[in-house]
Amino acid sequence: MKFTAMNFAKSIVFAFIALFLSLSVWAKGPTSLGMIAARDLPVEARETLVLIKRGGPFPYARDGVVFKNYEGILPKEKRGYYHEYTVKTPGVRHRGARRIISGGMPQQKQEYFYTDDHYVSFKRIRE
């Protein structure tokens, strides 16, 4: 096959189309959230949820810090809306990958999200 300007242009167009399609497949947003019933959470996550609602005490120093939603998976809210809490992982000596993210103001109706893969995906907790 002879290299021509037309073949080159076709290759560039094809590359951009492929890139666009791959980005749309990997795009994340609020629509990618799954759901999980609170009763279906691991026991450690249910315990963490109780602590969050009670206001502590929390076992990890970073529990309650602002979660900034850099991944953009959770619904977009103002900074400070979300807070993260560690869910203990049996057999792990560090914080592990499991978290519950709370959204809203404490002592008011809050929404909760669970991740077991360190913010790669989230499930809205249905109570």
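If the segment from His94 to His118 were pulled out straight at 0.36 nm per residue, it would be longer than the present Cα-Cα gap by 7.3 nm.
Which shape class applies to segment 29-126: rounded if a/c is under 1.5, otherwise prolate when a/b exceeds b/c and oblate if not, where a ≥ b ≥ c are the square roots of the Cα gyration tensor eigenvalues? Judged from the Cα gyration tensor, segment 29-126 comes out rounded (a/c under 1.5).
Look at Leu49, Leu74, Leu33 and count the other Cβ atoms within 10 Å of each Cβ; fewest to most, that gives Leu33, Leu49, Leu74. Counting every other Cβ atom within 10 Å of each residue's Cβ, Arg39, Arg124 order from fewest to most as Arg39, Arg124.
Within segment 76-98, list the residues whose amide N lies under 17 Å from a label point set 7 Å along Cα→Cβ of Tyr60. Answer for this model: 82-98.
Each reported figure results from applying straightforward, stated rules to the coordinates on display, with no laboratory input. If you're wondering where the values come from, they're calculated on a predicted model, not measured in any experiment. No Cβ is skipped: glycine too gets one built from the backbone with ideal geometry, and neighbour counts run over all protein chains shown.
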